[in-house]
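Contents: one structure, followed by commentary.
The values are calculated or read from the model by the stated rules, or taken from the named source; none is laboratory data. Not measured: the values here are computed from a predicted model. Ideal geometry is used to build each Cβ from the backbone, glycine not excepted, and the neighbour counts take in all protein chains shown.
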Amino acid sequence: MANQVEQQREQWGSKIGFILAAAGSAVGLGNIWKFPYVTGTNGGGAFVVIYVAMVACIGFSVMLAELVIGRNAQLNAVGSFKKIKGGAWPAVGWLGLACGALILSYYGVVGGWTIKYILHSFTGLMELAAAGQAGDAFGGFISNPIMVILYQALFMFITIWVVYRGVGEGIERYCKVLMPGLFILLIVLIGRSVTLEGAGEGISFYLKPDFSKVTAGTVLAALGQAFFSLSLGMGCMITYGSYLQKDISLPGAAAQVCFLDTMVALLAGLVIFPAVFAFGVEPGAGPGLTFITLPGIFAQMPGGMIWSALFFLLLFVAALTSAISLLEVACAYFIDKGWSRAKAAWTMGTLIFLLGIPSGISLGGGLKIAGKDFMDVAGFFTDQIMMPLGGMLISIFVGWVIADVAKDEVTGNGRIPVFAGFDIWMIFVKFVSPLAILYIFVTGLKW
Ligand code: PHE
């Protein structure tokens with residue numbers, strides 16, 4: 001196995017290519033679909049403050065830890081632990097592989113919704129939204145299992161195809177072109193959203209923290225959302241770090257990705273919440289929030305159809321660049337094992353598509369587990385259990401088991417001046433992150 005890997009491991013073409021691909025993984029449905037709805041169901045402004053604190057205190061240090069592991073080992077998530085230390089540690093990689101597959105199973109469903117909405121923009125969505133029926137339209141669509149699964153299949157097919165094309169040719173190329181477009185469009189949409197009549201109430205719900213509503217569950221939800229949004233705790237950044245050249249500064253890269261990802265989430269909230277209140281939608285409405293409020297905004301813009309199609313196209317692209325990173329985690333394992341890229345991408349992609357079907361049909365009211373939608377249950381396991389657990393173990397691994405290796409990676413064997421930064425980060429990976437995650441986990445976990 002090792003020979004094959006050393007001979008021909010793929011690499012990113014450039015530093016900016018890596019940043020955009022990692023940001024492409026991080027920025028996705030988590031920012032534009034999930035962040036607003038989780039903020040809405042967790043009471044608004046106070047959640048936003050806690051979320052940003054989680055990114056800064058825990059997210060950044062776990063991301064750096066993952067990049068360190070991946071770039072040092074130059075292998076997939078399981079192989080990296082095996083190569084650096086062995087013992088029981090590869091289990092952390094396996095947990096990551098399982099988590100990535102489970103996330104992608106329902107992610108593909110929502111990815112399919114974005115495709116549907118690109119097309120629907122031209123086929124009556126604007127008229128429905130103008131008549132105040134965007135919610136009914138969404139409900140009608142997701143309760144039609146055949147359509148939902150067809151679009152999910154299409155989304156997964158495209159994901160598999162890009163992964164099959166490989167690291168530089170496929171993943172990097174697409175991220176570089178389309179991520180900046182999303183950013184610009186969000187700014188335009190904020191302009192429209194905050195000037196809607198009644199927007200003020202939404203802005204204060206979103207930006208005025210009311211800490212009296214905060215519970216331990218809120219804090220765990222913020223932690224889980226931070227892991228989800230930054231693609232952490234499940235080996236994705238280990239895998240992407242493994243394609244990284246040795247001369248790139250890891251702390252800088254991690255900081256840039258965290259910053260970009262958080263900006264996009266915060267901007268997305270500023271698009272959604274003013275509109276939620278302007279159109280009288282319930283902020284705790286759940287997974288449909290983005291798909292229900294945005295058409296309402298577009299319907300009030302000249303050329304709304306075009307804006308709508310453009311927005312959902314970019315949301316689709318953001319989802320795709322995250323989905324490919326999710327599929328890449330599992331594929332990298334099998335490719336390092338000697339499978340061809342084609343075989344790994346098609347086999348894993350198809351299995352994950354099948355795993356997603358129960359989520360796809362659950363929201364229409366079909367499939368429930370203990371009274372909850374299957375999709376929510378899958379999300380609960382990945383966000384609130386698997387990713388925080390993975391992040392905690394990754395921190396412990398880097399802080400306690402391979403601190404010397406980490407120092408070489410972070411400082412480029414002493415070439416990159418990091419001043420006290422390394423020691424502060426060590427305090428985080430050794431103590432702050434594991435203990436904070438454990439505490440939040442124990443106090444906040446509730447079915
Ligand atoms: N971060 C992605 C998003 O916000 C989702 C994701 C999670 C991607 C974990 C990869 C790994 O949409």
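Checking each residue in the range 376-389 for being over 15 Å from the mean Cα position of the chain (by Cα) and modelled with pLDDT of 95 or more picks out only L389.
Could you pull out the residue among G112, G44, G79, G28 that is under 19 Å from the mean Cα position of the chain (by Cα) and over 19 Å from P295 (Cβ atoms)? I'd like the intermediate steps shown before the answer.
Numbers: G112 fails: over 19 Å from P295 (Cβ atoms); G44 fails: under 19 Å from the mean Cα position of the chain (by Cα); G79 fails: under 19 Å from the mean Cα position of the chain (by Cα).
Every option except G28 fails the conditions.
All conditions in (1) in contact with a Gly (Cβ under 7 Å, 6 or more places away or on another chain); (2) away from the ligand (no atom under 16 Å from the Cβ) hold for W307, with the sole exception of (1). Annotation note: of L186, L207, L178, the sole residue that is modelled with pLDDT of 90 or more and closer than 23 Å to G28 by Cβ is L186.
How many residues are among the polar types (S, T, N, Q) and crowded, with 24+ Cβ neighbours inside 10 Å if we restrict to the range 326-367? Before you say what the answer is, go through the steps one by one.
So in the range 326-367, the residues among the polar types (S, T, N, Q) come out as 340, 347, 350, 359, 362.
Narrowing further to those that are crowded, with 24+ Cβ neighbours inside 10 Å: 359, 362.
Here the count works out to 2.
Report whether or not S105 is assigned to a helix (DSSP H, G or I) and under 30 Å from L289 (Cα atoms).
Numbers: assigned to a helix (DSSP H, G or I): yes; under 30 Å from L289 (Cα atoms): yes.
In short, yes.
State whether the residues of the range 30-46 include one that is away from the ligand (no atom under 16 Å from the Cβ), hydrophobic (A, V, I, L, M, F, W, C) and either under 30 Å from I149 (Cα atoms) or crowded, with 24+ Cβ neighbours inside 10 Å (or both). Taking every residue of the range 30-46 in turn, none turns out to be away from the ligand (no atom under 16 Å from the Cβ), hydrophobic (A, V, I, L, M, F, W, C) and either under 30 Å from I149 (Cα atoms) or crowded, with 24+ Cβ neighbours inside 10 Å (or both).
Take the residues in the range 126-161 that are part of a helix (DSSP H, G or I) and of a type in the set (G, A, S), then tell me which one is nearest to I352 (Cα to Cα). Among those that are part of a helix (DSSP H, G or I) and of a type in the set (G, A, S), it is A153. On inspection, L220 does not qualify as touching a Cys at 6+ places or on another chain (Cβ under 9 Å) and touching a residue at least 40 places away in the same chain (Cβ under 8 Å). Looking at M237, is it in a helix (DSSP H, G or I), crowded, with 23+ Cβ neighbours inside 10 Å and aliphatic (A, V, I, L, M)? Judged against the criteria, M237 is a match. Kindly indicate whether any position in the range 289-307 is free of Cβ contacts under 8 Å to residues at least 60 places away in the same chain and part of a loop (DSSP other than H, G, I, E, B). Among the residues of the range 289-307, at least one is free of Cβ contacts under 8 Å to residues at least 60 places away in the same chain and part of a loop (DSSP other than H, G, I, E, B), which makes the answer yes.
Entry remark, the range 373-394: residues being surrounded by fewer than 24 Cβ atoms within 10 Å (Cβ to Cβ), within 30 Å of L435 (Cα to Cα) and of a type in the set (D, E, K, R) number 1 in total. Taking first residues from the range 313-329 that are assigned to a helix (DSSP H, G or I) and partners that are polar (S, T, N, Q) and within 10 Å of the ligand (Cβ to nearest atom), the Cβ contacts under 6 Å between residues at least 6 apart in sequence or on separate chains come to S322/S25; S325/S25; E328/T239; V329/T239.
Limited to the range 337-362, what total is found for residues that are in a helix (DSSP H, G or I) and closer than 16 Å to V162 by Cα? Before the answer, list the steps.
First, pick out the residues of the range 337-362 that are in a helix (DSSP H, G or I): 341-362.
Next cut, closer than 16 Å to V162 by Cα only: 341-350, 352-353.
Count: 12.
Does the range 258-274 contain any residue that is touching a residue at least 60 places away in the same chain (Cβ under 8 Å), over 19 Å from V38 (Cβ atoms) and either within 14 Å of the ligand (Cβ to nearest atom) or surrounded by fewer than 17 Cβ atoms within 10 Å (Cβ to Cβ) (or both)? Looking for residues that are touching a residue at least 60 places away in the same chain (Cβ under 8 Å), over 19 Å from V38 (Cβ atoms) and either within 14 Å of the ligand (Cβ to nearest atom) or surrounded by fewer than 17 Cβ atoms within 10 Å (Cβ to Cβ) (or both), one finds at least one in the range 258-274, hence yes.
Comparison of K446, K407 shows that the only residue that is surrounded by fewer than 20 Cβ atoms within 10 Å (Cβ to Cβ) and free of Cβ contacts under 8 Å to residues at least 60 places away in the same chain is K407.
Taking first residues from the range 70-82 that are free of Cβ contacts under 8 Å to residues at least 40 places away in the same chain and buried (at least 24 other Cβ atoms within 10 Å of the Cβ) and partners that are of a type outside the set (D, E) and part of a helix (DSSP H, G or I), no Cβ contact under 8 Å between residues at least 6 apart in sequence or on separate chains turns up.
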